[in-house]
Amino acid sequence: MEKLTVALLGGGVVGTEVARTLLTQSDALAARVGARLELAGVLVRDAEKEREGIPQELLTTDAEAVVADADIVIELLGGIEPARTHILEAMASGASVVTANKALLAQHFPELITAADDAGVRIEYEAAVAGAIPIVRPLSVSLAGDRIQRVMGIVNGTTNYILDQMAKEGWDFDTALSTAQELGYAEADPTADVGGFDAAAKAAIIASLAFQVPVSMDDVHVEGITSVSADMIATAAAQGFTIKLLAICERVDGADGAKSVSARVYPALVRDDHPLASVSGAFNAVFVEAENAGSLMFYGQGAGGAPTSSAVMGDLVSVARRRVLGGRGQVAQQVRRSGDILPISRVTTRYQMTLEVFDRPGVLLRVAEVVAAEGVSIELVQQTRLETEDEDAPARAKLVIATHSAVESALAATVDALAGLDVVESVKSVLRIEGA
């Protein structure tokens, strides 16, 4: 049987799991591929450190040596460099590549796809978007003959766990984050997750795939969840909503025929009867809306050594089969088309604004006049009197306002105008409504 040499770059949690699978399931993999997959070496930072299940002689710190003569390179280093250089060199030498590096793909997607096409090899990256959840192949292959209108998903398990625990347990953000760190769901420095940057990298990849337009992470509007409070979650629940950090990628066709793409990440209100609202814990889910296929949802574990390695191994089998059977590499035309990336100010969405106002006659009229002056229409208003122990303090009320769809710039201007009203004590929160 033919033999294919595999080089593994990275010996972390996922890399170790991939190496074990290659070593312990060689016969089963050979039967699926039609060739034996031989692990030639594992690039690590410390070759002296033992890794359970991996022979010490396979560990190396010499990247050039481990990549040399490899038929397939699996890159699990993370970051931009030296991962980008190793991948480009591997493809130039004729090796196909499997990667889970979302940060690299988000910044250099067109370059990498084009390099693969020029070299006649493959680059696969299912694990970079949603861990074990198959979403790259459905978008690029299964739905290739359809017109995808929108992709909206929970693509970061850490933030979903935090928001879910805040909703279920009534915890504040700091308590939920500390628990996530104790359980290993969040890193010691959780900025990439709670700041929305991890989800933004994935949104860039999804948008590039779904709409055949090169989208980088710099094109994605990003807001994290650090400002989400227990009170915001309680208010959302009272209105029949759940707060989720969403990555949203959509095709926008203008009235003048212009075609644009929007990619954005922010905490949003999702109606309790929407499928994404029930996604709990550290799970991920991606909701796809296509012209002919309709609505589809992909759900499962989005992180962790075993789930992510499952996606990596699926890609490995795919590129290995193609190598055995022969055939061209990537088709790079999908990322060479130009397209307008729509700024957040031009996106059409809905707001839910929570205000603390002075409870006196005429307040609702003043608020309604300001909203109307910005060209925004109110769908729902709910007022609740706020209790106070200070009998001399002026009466206050909580005002929750939901709008109809409007351009983001008009909605943002509405919030600014409301904040300047003398009858408004403060704007407590502003959240967008999605999926309704």
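The values are calculated or read from the model by the stated rules, or taken from the named source; none is laboratory data. Since this is a predicted model, take the numbers as computed values, not measurements. Backbone-built Cβ (ideal geometry, glycine too); neighbour counts: all protein chains shown. In case anyone asks, the SASA skips ligands and DNA or RNA and just uses the protein heavy atoms, side chains included. Shrake-Rupley method; radii C 1.70, N 1.55, O 1.52, S 1.80 Å.
Quick notes on this one:
- The calculated 222 nm mean residue ellipticity attributable to helices in the chain amounts to -10500 deg cm²/dmol, summing -39500 (n - 2.57) over DSSP H runs of n ≥ 4 and dividing by all residues.
- Counting only alpha carbon atoms, the long axis of helix 102-119 and the longest principal axis of the chain meet at about 40°.
- Protection proxy ranking of 214-224, 240-250 - average other beta-carbon atoms within 10 Å, highest first: 240-250, 214-224
- Relative contact order computed over the stretch 77-196 (Cα-Cα under 8 Å; 6+ residues apart), in percent: 17 percent
- In the chain, taking the dipole from charged Cβ atoms about the Cα centre, the farthest positive-side position among Ile87, Leu355, Met232 is held by Ile87.
- Among beta bridges that DSSP assigns inside the chain, antiparallel share in %, nearest 5: 70 percent
- Other residues within the sphere of radius under 12 Å centred on the Cβ of Leu37, judged by their own Cβ, net out at +1 (K and R +1, D and E -1).
- The chain, accessible area per residue, ligands and nucleic acids excluded (1.4 Å, Å²): 43 Å²
- Trypsin sites (Lys or Arg not before Pro) within the stretch 1-108, DSSP loop, no more than 15 other Cβ atoms inside 10 Å: Arg45, Lys49
- Note on the chain: with neighbouring protein chains present and a 1.4 Å probe, carbon and sulfur make up 48 percent of its accessible heavy-atom surface.
- Mean Cα-pair separation over length for the chain, i.e. relative contact order, pairs under 8 Å, 6 or more apart, %: 16 percent
- When the chain is treated as a Gaussian network with alpha carbon springs shorter than 10 Å, the biggest mean-square fluctuation among Leu325, Leu29, Leu104 belongs to Leu325.
- Cα-based equivalent ellipsoid of the chain: semi-axis lengths in Å, sorted from largest, via gyration tensor: 47, 24, 16
- Of the GluC sites (Glu not before Pro) in the stretch 368-436, those whose Cβ has at most 16 other Cβ within 10 Å and which sit in DSSP loop: Glu387, Glu389, Glu391
- Cα gyration tensor shape for the stretch 111-163, rounded if a/c is under 1.5, else prolate or oblate: oblate
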